[in-house]
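We did not get these values from a lab; they are worked out from the coordinates using the rules stated. As the structure is a computational prediction, the values presented were derived from the model and not from experiment. Note that we place each Cβ from the backbone using ideal geometry, even for glycine, and neighbour counts take in every protein chain shown.
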Amino acid sequence: MRSYTIAVGGRTYTIEVQEQGADRFEVRLEDQVLEVRLVEEAELPGAAIAPDMDRALSAPAARALASPAPATSGAPPASVARPGPSGPEAASSARTLTAPMPGAIVSIEVAPGARVARGAVLLTLEAMKMLNPIRAPRDAVVAQVLVTPGQSVNFGDPLLSFEG
């Protein structure tokens, strides 16, 4: 589970996010528990709360969490962008997956031309003596692997690119 302290409209909130699956999360905000389903994600400039977070919270999601809908409403109240790997997931643009934190590449699980499903482990990044699986942000075909095992990367460094 990850804990975030955010400020919305001058008020501070602590939210806890627990991944339940590749696109499902339990979000706790004060006394409310929300079941959240990730519908879409995108790398937005300035969207990350901090470079070492394994999840980024977009501004619309932060606004939605400030006055969340009941979990029984049927529609997800917010989508939590994935940075992260699941377990950390890297931030991504449409074609390039970038490092969500500084660390060292431990292993690479895919090769150029590989078809990957959203949530599939692409590589493993070691940061602060923890192994962090970097997962595919969407269904895609790997175009290039831009790192090698043992290589050090910084936050935002490109890790691999996707076709299209």
Counting other C-beta atoms within 10 Å, which of Asp139, Asp31, Asp157 has the fewest, and how do the rest follow?
Asp31, Asp139, Asp157
Given 131-138, 19-26, the highest-first ranking by average Cβ count within 10 Å works out to 131-138, 19-26
